[in-house]
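The values are calculated or read from the model by the stated rules, or taken from the named source; none is laboratory data. Values in this document were obtained by computation on a predicted structure and should not be read as measured data. Here the Cβ is made from the backbone with ideal geometry for all residues, glycine too, and neighbour counts use every protein chain on show. To get the accessible areas, we keep the full protein, side chains included, count just its heavy atoms, and leave off ligands, DNA and RNA. Shrake-Rupley method; radii C 1.70, N 1.55, O 1.52, S 1.80 Å.
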Amino acid sequence: MMNINFSIITVTYNSKKDLLKTIESVQSQTFSKFIHIIKDGLSNDKTDEIDFSKYRNTFFYRNKDIGIYDAMNQALKYASNEYILYLNSGDIFFHKNSLRDLDENIRKNPNFNSYCGGTIQVDLKNKRINRIIGMSNLYKYLPYAQLPHPSFVIKKSILLKLNKPFDNSLKIASDYKQQLVLRKKKLWKNCNLNQIISIMPIGGLSNKNKLSIFNGFLETIIFSFKMFNVRTLYILIMKILLNIYSKINKGKIKFKDINY
């Protein structure tokens, strides 16, 4: 029988309010086989004054880093469980049974290195769903399709085969580069799940404004060209089309049905 235990990793910097939202969501999970690793980059907003001891299976680490992807690399060293999920500060699970459903889906599909479901991206200010990412066969069958980072579960043993799980020279698109590197190294064996796993509010590094979105595309073009040369054009077009599709394909989910 499979022994499935999750390491949920949250990196944070001066986002105490958002972090507490993420902790609350993790703590509400009905599935108990997890550890929650919180890596803080020396915040000065009193994040370190949170009483982490009152939360089950939660471990707080505070040390210097040079950015979000360096923090993610550092945090992986503290992860003792095999199944890794990065749920960043402010991200939450879709509902209280998300980990339980993940456990069931992994058991049904045991011969994969990674698993990915959908992420709902929400605009909290205007109270609307911005996008639903990852919920379509397009993400399964289109080569090099980018999967939503907060709903991507991968085995630690696979990440450790990479020189660096995340390229910390990048500012925005290192999570996508990781997915492309895994493909190029023939370590990609992903199972697309018909399950919404997470909710992500807009306002993060990759989507806080049009400039950050543009910079994300620019980073993608540069590292894709180094890796795949002329196939970069396909990757760029596909990324644009999936971005548009994710805004259209919202299904029957309404903002009022989301508990954030």
Distance between modelled label sites at K125 and E82, nm, 7 Å Cα→Cβ extension: 4.4 nm
Check: segment 170-260 dipole with +1 on Lys, Arg Cβ and -1 on Asp, Glu Cβ, in debye: 180 debye
Cα lying deepest toward the dipole's positive end in segment 1-56, options N3, F52, Q29, charges on Cβ: N3
Rounded if a/c under 1.5, otherwise prolate or oblate - segment 78-149, Cα gyration tensor axes: oblate
Size of charge dipole - the chain - debye, nearest 20, with Cβ of Lys, Arg +1 and Asp, Glu -1, no other charges: 700 debye
(1) -0.99; (2) -0.90; (3) -0.69, with the label sought being that of the calculated log10 I(q)/I(0) by the Debye sum over Cα atoms at q = 0.12 Å⁻¹: (3)
Long-range HN-HN contacts of R62 with modeled amide H, under 5 Å: D40
In sequence order, calculated HN-Hα J values of segment 96-104 (Karplus, 6.51, -1.76, 1.60; Hz; x Gly/Pro): 5, 9, 4, 5, 4, 5, 4, 4, 5
Integer Hz, Karplus 6.51/-1.76/1.60 couplings in order for segment 77-93, x for Gly and Pro: 5, 8, 7, 9, 8, 6, 8, 9, 9, 8, 10, 6, 4, x, 6, 9, 6
Vicinal HN-Hα couplings computed from phi for segment 184-194 (Karplus, 6.51 cos²θ - 1.76 cosθ + 1.60; Hz; Gly/Pro x): 5, 7, 6, 9, 8, 9, 9, 10, 7, 9, 8
Qualifying lysines (Cα of each under 21 Å from Cα of K127; at least 8 residues distant if same chain): K17, K21, K208, K210, K247, K250, K252, K254, K256
Portion, in percent, of the accessible area of the chain that falls on carbon or sulfur, probe 1.4 Å: 54 percent
Net charge over other residues, Cβ less than 13 angstrom from the Cβ of T58 (K, R count +1; D, E count -1): 0
Helix-only [θ]222 nm of the chain, DSSP H runs n ≥ 4, -39500 (n - 2.57) each, per residue, nearest 500: -10000 deg cm²/dmol
Accessible area of M135 in the full protein assembly, 1.4 Å probe (Å², nearest 10): 50 Å²
Local electrostatic count at T30 - Lys and Arg +1, Asp and Glu -1, tallied over other residues with Cβ under 15 Å: 0
Value of relative contact order over the chain, rounded to a whole percent, pairs C-alpha under 8 Å and six or more apart: 21 percent
